[in-house]
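Everything below concerns the one structure shown next.
The values are calculated or read from the model by the stated rules, or taken from the named source; none is laboratory data. On a predicted model such as this, the values are computed, not experimentally measured, just so you know. Glycine gets a Cβ as well: all are built from the backbone with ideal geometry, and neighbour counts include every protein chain shown.
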Amino acid sequence: MKLSQRILGMKPSATLAVDAKAKELKSQGKNVISFGSGEPDFVSPPSAFKYAAEAMEKGKTHYTSTPGVPELRQEICAYYQKEFGLKFDPGQVVVGPGAKPCIYEALAAIVDPGDEIVLLAPAWVSYIEQIHLVDGKPMIVETEDSGFIPRLDRVEAAITDRTIALLLNSPSNPTGVLFDEKTVRGLAEIAQKHDLWLIWDEIYEKLVYGQNKHVNPLQLMPELASRTIIINGVSKAYAMTGWRIGYSIAPLELSSKINSFQSHLTSNACSIAQWAAVGAMRESREDVLRMKAAFSDRRDLICGLLRKMPHISFPEPEGAFYVFVNIKNCIGMSFEGQKIKDDIGFCNMLLDSELVAVVPGSAFLAPGYLRISYASSPEQITEGMRRLHCFLDKLK
């Protein structure tokens with residue numbers, strides 16, 4: 001069977017693989033607690049169902065325009081005007097079947113073979129693979145020793161004459177770290193100085209906790225608008241992962257190219273899901289605030305439980321719904337006579353012995369860590385952390 005080198009070289013999504021293994025064990029009747037998938041456990045807002053039902057009743061089940069129904073693109077522009085004071089034309093918006101394909105479409109529109117894209121490690125699992133799929137080259141900047149906040153001198157040192165873009169994510173998946181205003185401004189200035197595209201993935205921007213505040217780079221440097229691609233969607237903050245609605249906002253010339261690319265890739269995002277997104281963005285503010293408050297409480301709960309455990313450390317997450325736990329002290333230790341060789345081995349032993357699923361940091365270019373999602377009920381978090389604590393107590 002002839003297969004392409006492109007597909008043979010691609011690694012599967014570790015987060016989805018962990019989730020699949022956990023679901024397989026659950027199907028066998030085992031009481032698995034999974035902290036692997038980046039998916040809220042809440043039901044989508046009532047307004048999403050209302051608008052979706054109305055759309056179906058009215059027969060809005062046909063192709064839409066490729067970049068999305070005008071009402072949704074207008075709603076997205078209104079949202080950015082209200083939340084960030086940023087004015088966009090609906091023609092700059094392309095709605096896609098999730099934020100993930102929107103990132104791919106943006107990369108496909110700007111990357112030629114051999115072009116370099118600067119990434120920060122730890123990095124979301126699909127960034128590397130998508131860059132490879134468009135024959136680009138990721139240039140990795142480590143952030144572990146700087147609290148997962150990028151050092152600007154390191155970012156600048158990674159730039160060569162082949163670099164065409166920075167691909168950034170704040171709040172971060174997997175660390176939960178939020179870039180402060182000084183860092184955002186510094187990264188924006190680097191993009192401006194070196195004539196780079198800035199792909200700004202802010203899918204978790206509504207999920208920021210305490211006194212922390214999310215900053216969009218265009219609020220600090222409006223002149224960067226001609227080289228910025230914003231990625232966002234309704235999956236995380238609105239608990240609408242399965243509806244598959246994301247979007248990109250880009251300069252008109254680029255958005256038209258992304259639009260053309262999508263016309264050959266997916267035609268358009270699901271018509272009913274687009275109307276559901278309109279409803280969510282228009283009428284679910286209180287639902288979003290309620291879910292955010294619950295995530296904040298869960299963050300406090302899980303961090304409090306983790307602080308009591310031996311051998312581990314972690315930065316307190318400021319956004320998203322993940323804790324990124326350092327388990328390097330556990331590497332080389334033994335569990336019931338079996339040596340832990342790496343973070344993958346740790347996760348496999350934890351799942352086999354305690355029926356708790358987490359994602360190894362190696363999937364995010366951060367070996368020696370694990371990502372725990374707290375997008376679960378307080379009861380699941382409490383029981384899952386009890387099992388993890390029990391596992392850690394048995395290490396020798």
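The set of residues in the range 49-72 being in a helix (DSSP H, G or I) and touching an Asp or Glu at 6+ places or on another chain (Cβ under 9 Å) consists of K50, Y51.
Criterion applied to S27, S34 was being over 19 Å from V278 (Cα atoms), in contact (Cβ under 8 Å) with a residue 12 or more places away in the chain and in the same structural domain as F324 (by TED's automatic domain parsing), and the one residue passing it is S34. Of S284, S263, S267, S226, all but one fail to be within 29 Å of V184 (Cβ to Cβ) and over 23 Å from the mean Cα position of the chain (by Cα); the exception is S226.
Of everything in the range 120-149 that's in contact (Cβ under 8 Å) with a residue 24 or more places away in the chain and acidic (D, E), which residue is nearest to I103 (Cα to Cα)?
We begin by selecting, within the range 120-149, every residue in contact (Cβ under 8 Å) with a residue 24 or more places away in the chain; these are 120-137, 139-140, 144, 147-149.
Subset that is acidic (D, E): 129, 135, 144.
On the way: E129: 11, D135: 15, E144: 24 Å.
Checked the range 120-149; the qualifying residue nearest to I103 (Cα to Cα) is E129.
Residue by residue, here is whether (1) closer than 19 Å to L16 by Cβ; (2) of a type in the set (A, V, I, L, M, F, W, C); (3) in contact with a Leu (Cβ under 9 Å, 6 or more places away or on another chain) holds:
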{"position": "A375", "(1), (2), (3)": "yes, yes, no"}
{"position": "Q380", "(1), (2), (3)": "no, no, no"}
{"position": "M385", "(1), (2), (3)": "no, yes, yes"}
{"position": "C390", "(1), (2), (3)": "no, yes, no"}
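Among the residues making up the range 257-294, those that are of a type outside the set (G, A, S), in a helix (DSSP H, G or I) and surrounded by 20 or more Cβ atoms within 10 Å (Cβ to Cβ) are I258, N259, Q262, Q274, W275, V278, M281, D287, M291. Quick check: is even one residue across the range 371-392 more than 24 Å from A239 (Cα to Cα), at pLDDT 95 or above and not in a helix (DSSP H, G or I)? The answer is no, given that none of the residues of the range 371-392 is more than 24 Å from A239 (Cα to Cα), at pLDDT 95 or above and not in a helix (DSSP H, G or I). Only one entry in I302, I327 is in contact with an Asp or Glu (Cβ under 8 Å, 6 or more places away or on another chain), within 26 Å of S126 (Cβ to Cβ) and of a type in the set (A, V, I, L, M), namely I327. The criterion of at least 3 residues that are more than 30 Å from N268 (Cα to Cα) and at pLDDT 95 or above is met, among strands (runs of 3 or more DSSP E) falling completely within the range 87-205, by 137-142. Within the range 357-372, restricting attention to residues that are within 15 Å of V177 (Cβ to Cβ) and among the small types (G, A, S), the residue that is surrounded by the most Cβ atoms within 10 Å (Cβ to Cβ) is G361. Could you list, in sequence order, all residues of the range 35-82 that are surrounded by 22 or more Cβ atoms within 10 Å (Cβ to Cβ), among the small types (G, A, S) and more than 24 Å from the chain's Cα centre (by Cα)? Matches in the range 35-82: A52 only. Those residues that are polar (S, T, N, Q) and either under 30 Å from H264 (Cα atoms) or in a loop (DSSP other than H, G, I, E, B) (or both), I need them from the range 18-48; list them, please. Across the range 18-48, the qualifying residues are Q28, N31, S37, S44.
On the given criteria, is E283 modelled with pLDDT of 95 or more, among the charged types (D, E, K, R) and within 27 Å of Y104 (Cα to Cα)? Can you show your working first?
Numbers: modelled with pLDDT of 95 or more: yes; among the charged types (D, E, K, R): yes; within 27 Å of Y104 (Cα to Cα): no.
No; evaluated as a whole, the condition is false for this residue.
If you go through the range 115-136 and keep only what is of a type outside the set (V, I, T) and under 21 Å from P367 (Cα atoms), you end up with L119, L120, A121, P122, A123, W124, S126, Y127, E129, Q130, H132. Within the range 159-186, the set of residues being farther than 18 Å from Q130 by Cα and among the aliphatic types (A, V, I, L, M) comprises I159, V177, L178, V184.
Scanning the range 231-256 for residues that are buried (at least 23 other Cβ atoms within 10 Å of the Cβ) and either free of Cβ contacts under 8 Å to residues at least 40 places away in the same chain or assigned to a helix (DSSP H, G or I) (or both) turns up W243, S255. Answer with yes or no whether T183 is in contact (Cβ under 8 Å) with a residue 12 or more places away in the chain and crowded, with 22+ Cβ neighbours inside 10 Å. No. Condition check for P317 on (1) part of a loop (DSSP other than H, G, I, E, B); (2) surrounded by fewer than 16 Cβ atoms within 10 Å (Cβ to Cβ); (3) touching a residue at least 12 places away in the same chain (Cβ under 8 Å): one failure, at (2).
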